[in-house]
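Comments concern the structure below.
The values are calculated or read from the model by the stated rules, or taken from the named source; none is laboratory data. These numbers were taken from a predicted model, which means no experiment stands behind them. Reconstructed Cβ throughout: ideal geometry from the backbone, glycine too, with neighbour counts over all protein chains shown.
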Amino acid sequence: MTDRSDDRSADQPGGGWSTEGLGYLQDEAARQRVFVVHPYVKDSRKADALVRSPEARLEEAKGLALAIDIDLVGGECIPLRGVRPATYLGVGKLGDLKDFAKEEEIDLFIFDCELSPIQQRNLEREVGAKVIDRTALILEIFGNRASTKEGELQVELAHLNYQRSRLVRSWTHLERQRGGAGFMGGPGETQIEADRRIIADRITRIKRQLETVTRTRTLHRAQRQKTPYPIVALVGYTNAGKSTLFNMVTDAEVLAEDMLFATLDPTMRSIDLPSGRKIILSDTVGFVSELPTMLVAAFRATLEEVLEADVIVHVRDAAHPDSEVQKKDVEEVLGDLGVDFESDADGTPIIEALNKADLLTEDMREAAMNKADRQDRVVALSGLTGEGCDTLIQAIDAILSAQDHRVELTVPYSDGATQAWLHANAKILSEKHGEDGVCYNFTVDPVAWAKFTAKTR
């Protein structure tokens, strides 16, 4: 059995909701000892190659747990014949978990599934430790990582909605009633009713704050749209290596760790392409399967750059055994956001970046290179070593260049501002000096050209 510090104050199972602090994993004395459980019904798994194995699901859940400052003891896949409505697990496995929790001094079990409030409460009673589900874990991660005002408000709103359904967890005082005013009849307000009212009031206040923040964000977006540079967004499953690739390409120092959800707030940098064009590269939050529905709004707020992007780079962890499943998850979320994968003509151009080539086996590497050779918008690369990054930049440049307008324009000699803008933002194919001015033959990004001409009218 592992010894721990004597000054540690072990948390008791259960515990109520508080309007101050929304964390599930908070412990003032030390990091909590956590064990991850992935229960699955054996006969319910589909015979589909694009379905994660229980072992892969467990590893992802453990990775999510490690994104929080806890002491991860381990994890276990638990096959089930069926889900029990009261406790999710059977009596035998509950007994095993109870003994394990006592022996290893487990403070918290994370169940990689969705638990009902009743199941959560009963599990805590049976195993003698705190229990949270996948939704609560992801809420905790977002709550710790969100830094923008809107992100913080959206996460807190999701927390409150989640906790409102769980006020019956293990509270011992919820049956008490507060007496009403002396002249009023009736038994008064129960504690749980009061807590629900407090949460409802806070939800109302947060929604009002969100309306104000959303209006401000709309103004900021309108300001960003005035920039003459195309936006290229890096998207992908969490821990696919987007931030590492972003740092390699832009020489930035964005947090890049082997950790799920290392990036939650978009980061943007400008870079120059070989053609001389300047673009804005945006690093976004990583995607994850089974994102809690109550977090979709907060998640979308971090992905607004994707919706405005001129090019999307889908960064994939080519070395991950579930790379194809992750690709499917990302495409489903992008499809829900309105990104069109089916139409190359009307949709946003998408480049598939097969990242982590340095970790591929020889056979996997050959397959990735062959795929990149056969398909125009597929690039094999390594954000860590820089291999293939030049090819990615060239692919972005080629897509944007294909969208360029070809224009022939005579600019008066006195119009130095237009001449300067063309030399800075357009690819000049030829220029001839005449009596009326300089005749330019050039290609230019249509968005940038439209914004410039609108200003000069």
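Take the residues of the stretch 404-420 that are in a strand (DSSP E or B) and either touching a Ser or Thr at 6+ places or on another chain (Cβ under 6 Å) or not hydroxyl-bearing (Ser, Thr, Tyr) (or both): which is surrounded by the most Cβ atoms within 10 Å (Cβ to Cβ)?
So the residue we want is 411.
What number of residues within the stretch 421-442 are at pLDDT 85 or above, part of a strand (DSSP E or B), surrounded by fewer than 18 Cβ atoms within 10 Å (Cβ to Cβ) and within 41 Å of the chain's Cα centre (by Cα)?
Of the residues in the stretch 421-442, 1 are at pLDDT 85 or above, part of a strand (DSSP E or B), surrounded by fewer than 18 Cβ atoms within 10 Å (Cβ to Cβ) and within 41 Å of the chain's Cα centre (by Cα).
Output the residue which, of all residues in the stretch 80-99 that are touching a strand residue (DSSP E or B) at 6+ places or on another chain (Cβ under 8 Å) and either free of Cβ contacts under 8 Å to residues at least 40 places away in the same chain or farther than 27 Å from residue 289 by Cα (or both), is surrounded by the fewest Cβ atoms within 10 Å (Cβ to Cβ).
Initially, the stretch 80-99 is screened for residues touching a strand residue (DSSP E or B) at 6+ places or on another chain (Cβ under 8 Å), giving 80-83, 88-90, 93, 97.
With either free of Cβ contacts under 8 Å to residues at least 40 places away in the same chain or farther than 27 Å from residue 289 by Cα (or both) added as a condition, the list becomes 90, 93.
Working: 90: 16, 93: 20.
That would be 90.
Among the listed residues 335, 386, 347, which satisfies the condition of being at positive phi and either part of a loop (DSSP other than H, G, I, E, B) or free of Cβ contacts under 8 Å to residues at least 12 places away in the same chain (or both)?
The conditions single out 386.
Mind listing whichever residues of the stretch 87-104 are of a type in the set (Gly, Ala, Ser) and more than 13 Å from residue 124 (Cα to Cα)?
90, 92
Per-residue answers, yes or no, for (1) in a loop (DSSP other than H, G, I, E, B); (2) under 25 Å from residue 289 (Cβ atoms); (3) not assigned by TED's automatic domain parsing to the domain that holds residue 238:
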| site | (1), (2), (3) |
| --- | --- |
| 37 | no, yes, yes |
| 101 | no, no, yes |
| 114 | yes, yes, yes |
| 126 | no, no, yes |
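Looking at the stretch 55-79 only, could you name the residues that are under 15 Å from residue 239 (Cα atoms), of a type in the set (A, V, I, L, M, F, W, C) and assigned to a helix (DSSP H, G or I)?
56, 61, 64, 65, 66, listed by residue number.
Could you list, in sequence order, the residues of the stretch 356-378 that are within 21 Å of residue 321 (Cβ to Cβ), in contact with a strand residue (DSSP E or B) (Cβ under 6 Å, 6 or more places away or on another chain) and touching a residue at least 24 places away in the same chain (Cβ under 8 Å)?
356, 357, 368, 378
What residue, of 81, 121, 145, 125, is at pLDDT below 95 and touching a Pro at 6+ places or on another chain (Cβ under 8 Å)?
Answer to the check: 125.
Could you grab me the full set of residues in the stretch 127-140 that are surrounded by fewer than 21 Cβ atoms within 10 Å (Cβ to Cβ) and over 15 Å from residue 32 (Cα atoms)?
The one that is surrounded by fewer than 21 Cβ atoms within 10 Å (Cβ to Cβ) and over 15 Å from residue 32 (Cα atoms): 135.
Counting only residues that are at positive phi and in contact with a strand residue (DSSP E or B) (Cβ under 9 Å, 6 or more places away or on another chain), which one in the stretch 224-281 is modelled with the lowest pLDDT?
Pass one, the stretch 224-281, residues at positive phi: 236, 239, 241, 251, 261, 276.
Then keep just the ones that are in contact with a strand residue (DSSP E or B) (Cβ under 9 Å, 6 or more places away or on another chain); that gives 236, 239, 241, 251, 276.
Working: 236: 90, 239: 84, 241: 89, 251: 82, 276: 78.
Checked the stretch 224-281; the qualifying residue modelled with the lowest pLDDT is 276.
Taking interchain pairs and intrachain pairs at least six residues apart, which have beta carbon atoms under 8 angstrom, with the first residue in the stretch 232-244 and farther than 18 Å from residue 385 by Cβ and the second part of a loop (DSSP other than H, G, I, E, B) and among the hydroxyl-bearing types (Ser, Thr, Tyr)?
Pairs found: 233/284; 235/284.
Residue by residue, here is whether (1) modelled with pLDDT under 85; (2) among the small types (Gly, Ala, Ser); (3) part of a loop (DSSP other than H, G, I, E, B); (4) in the same structural domain as residue 140 (by TED's automatic domain parsing) holds:
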| site | (1), (2), (3), (4) |
| --- | --- |
| 160 | no, no, no, no |
| 184 | yes, no, yes, no |
| 194 | yes, yes, no, no |
| 198 | no, no, no, no |
| 201 | no, no, no, no |
| 210 | yes, no, no, no |
| 218 | yes, no, no, no |
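Among the residues in the stretch 394-403, are any among the acidic types (Asp, Glu), exposed (fewer than 15 other Cβ atoms within 10 Å of the Cβ) and either part of a helix (DSSP H, G or I) or in the same structural domain as residue 316 (by TED's automatic domain parsing) (or both)?
The answer is no, given that none of the residues of the stretch 394-403 is among the acidic types (Asp, Glu), exposed (fewer than 15 other Cβ atoms within 10 Å of the Cβ) and either part of a helix (DSSP H, G or I) or in the same structural domain as residue 316 (by TED's automatic domain parsing) (or both).
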